[in-house]
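Below is one structure, written out as structure tokens, with a few remarks after it.
The values are calculated or read from the model by the stated rules, or taken from the named source; none is laboratory data. Remember, predicted model here, so these are calculated numbers, not experimental data. Please note: Cβ atoms are built from the backbone with ideal geometry, for glycine as well, and neighbour counts cover all protein chains shown.
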Amino acid sequence: MIDRLPVNKAVAAMLAAASGKPVGRGAIPLGAEPPYYLLTVVSTAVSGAPLADESEELSIVYQVTSVTGPAPSNAGSHAVADQAEWLADKARAAFLARDPNTGQWLHPIAVAGARVYGRSLDTEPGGSRDDSDAIIDNVQRFRLDLTPA
């Protein structure tokens, strides 16, 4: 069985490295100002060989919330929808972009003892805004499928 914690850490590290933005796992990244990402596990399923019933494969759906808003250190700053869309585009590329020559993922997700064999955009409900806080976000959900390495 594949443990979820190392996968979650690897996904957060991949998104941070690929986007150059802070990623918080279920909470605002410590000390971060917008823009940043929130990474949350939405669902998990296990499967495997039908006769062995060992549940060796893992499928996880991650919600990636792209958050933009005023920077507390800059009183004149504010959120803009274009920045939220830009962050969402960077997240989509981090998860789904492939090298056109090799077909390999551009941003590998390295998990000891497991191999990510599938990545897909599960849903993209879109964005929301809170005008009182001047926060704009965009929500995407990505499915990752893993098997033991």
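Remarks
- Matching entry among Ala71, Ala88, Ala84, Ala45 (being in a loop (DSSP other than H, G, I, E, B) and at pLDDT below 95): Ala71
- Considering region 30-48, and only residues there that are under 22 Å from Val67 (Cβ atoms) and polar (S, T, N, Q), the residue that is surrounded by the most Cβ atoms within 10 Å (Cβ to Cβ) turns out to be Thr40.
- Taking first residues from region 68-94 that are more than 17 Å from Ile28 (Cα to Cα) and partners that are modelled with pLDDT under 70 and in a loop (DSSP other than H, G, I, E, B), the Cβ contacts under 9 Å between residues at least 6 apart in sequence or on separate chains come to Ser77/Ala71; Ser77/Ala134; His78/Ala134.
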